[in-house]
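Written below as structure tokens is the structure these notes are about.
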Amino acid sequence: MAEFVINMEFDPPTCCILDINVSNGNQVFSNEEKIETNKVAKAPISYPPLLTDMRKLLHGRPNIASLDNMHSHLEVLQLNLSIKPQSMYLKGYLEHAIQSFMSDL
């Protein structure tokens, strides 16, 4: 786990770990993994704030409890690439992440 986290980049190709210490992290990572990761992790990463369009996409979604329903919501969401390219990227990234999780279930 430590070697994996050390080599993480801002835009990993197949997964995204934002913060393993949030409550959802307890469902994915064991306490031992969290302790190991926290020992080798550098100082907290300071990311630039999300663009307004990306924040609207994340906060504007309906309250959806299942990955299946969230994926369906994203699939029908219409965005214009020339107007909101970052939101298109985020939408695709979220869809890919959901597909990855669903394939592991």
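The values are calculated or read from the model by the stated rules, or taken from the named source; none is laboratory data. Because the structure is predicted, anything quoted here is derived from the model rather than measured. No Cβ is skipped: glycine too gets one built from the backbone with ideal geometry, and neighbour counts run over all protein chains shown.
A compact table of results
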| item | result |
| --- | --- |
| Residue check, L74 surrounded by 14 or more Cβ atoms within 10 Å (Cβ to Cβ), in a helix (DSSP H, G or I) and either modelled with pLDDT of 85 or more or of a type outside the set (A, V, I, L, M) (or both) | yes |
| Close pairs (9 angstrom Cβ cut-off, 6 or more residues apart or separate chains): farther than 16 Å from G60 by Cα in region 76-103, surrounded by fewer than 13 Cβ atoms within 10 Å (Cβ to Cβ) and at pLDDT below 85 anywhere | Y93/D11; H96/T14; A97/T14; A97/C15; S100/T14; S100/C15 |
| Test result for I45, assigned to a loop (DSSP other than H, G, I, E, B), modelled with pLDDT of 65 or more, within 16 Å of the chain's Cα centre (by Cα) and surrounded by 10 or more Cβ atoms within 10 Å (Cβ to Cβ) | no |
| The one condition in (1) modelled with pLDDT of 80 or more; (2) surrounded by 15 or more Cβ atoms within 10 Å (Cβ to Cβ) that L58 fails to fulfil | (2) |
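Conditions (1) modelled with pLDDT of 85 or more; (2) not aliphatic (A, V, I, L, M), marked per residue:
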{"position": "I35", "(1), (2)": "no, no"}
{"position": "V40", "(1), (2)": "no, no"}
{"position": "M70", "(1), (2)": "yes, no"}
{"position": "S87", "(1), (2)": "yes, yes"}
